[in-house]
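The values are calculated or read from the model by the stated rules, or taken from the named source; none is laboratory data. Since we're looking at a predicted model, the values are computed, not measured. Cβ placement follows ideal geometry from the backbone for every residue including glycine, while neighbour counts extend to all protein chains displayed. Each accessible area value is taken on the protein alone, full model and side chains, heavy atoms only, with ligands, DNA and RNA left out. Shrake-Rupley method; radii C 1.70, N 1.55, O 1.52, S 1.80 Å.
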Amino acid sequence: MVHLDRIYTRGGDRGQTSLGDGQRVSKLHARIEAGGTVDELNCAIGVAGAAMPPESLRPVLAALQQFLFAL
């Protein structure tokens, strides 16, 4: 098992984070919250897919995951 005791991003932590375009926003910004929510939904769909759903549902779950990943 890997043990990570120190992680440095060199960005400091003043309650802000960077968007893909380099813009700095609050970690409480709606875009950051939305991204986390989409990621959690994508994970839940992955769990549903791993739970052996009916064959007809598998491509739907995979397409939803791909869409959310692109989003």
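At 1.4 Å probe size, with no ligands or nucleic acids counted, give the accessible surface of Asp13 in Å², nearest ten.
110
Taking the 0 to 90 degree range and rounding to the nearest ten, how far is the long axis of helix 58-70 tilted relative to the main principal axis of the chain, both from C-alpha atoms?
Taking Cα atoms only, the helix is inclined about 20 degrees.
What are the residues whose amide H is under 5 Å from the amide H of Gln16, where those residues sit 5 or more places off or on another chain and H is modelled from the backbone?
HN-HN under 5 Å from Gln16: Lys27.
Which value at 222 nm does the chain reach when only helices count, each DSSP H run of 4 or more adding -39,500 (n - 2.57), with the total divided by all residues and rounded to the nearest 500 deg cm²/dmol? Please report the intermediate quantities before stating the final value.
Values: 2 runs with 34 residues, N = 71.
Using -39500 (n - 2.57) per qualifying helix, the result is -16000 deg cm²/dmol.
Along the Cα→Cβ direction, 7 angstrom out, place labels at Val38 and Ser18. What is the inter-label distance in nm?
Taking the simple label geometry, Val38 and Ser18 are separated by 2.0 nm.
Enter the angle in degrees (range 0 to 90, nearest 10) between the Cα long axis of helix 30-50 and the first principal axis of the Cα atoms of the chain, meaning the one along which they spread out most.
30
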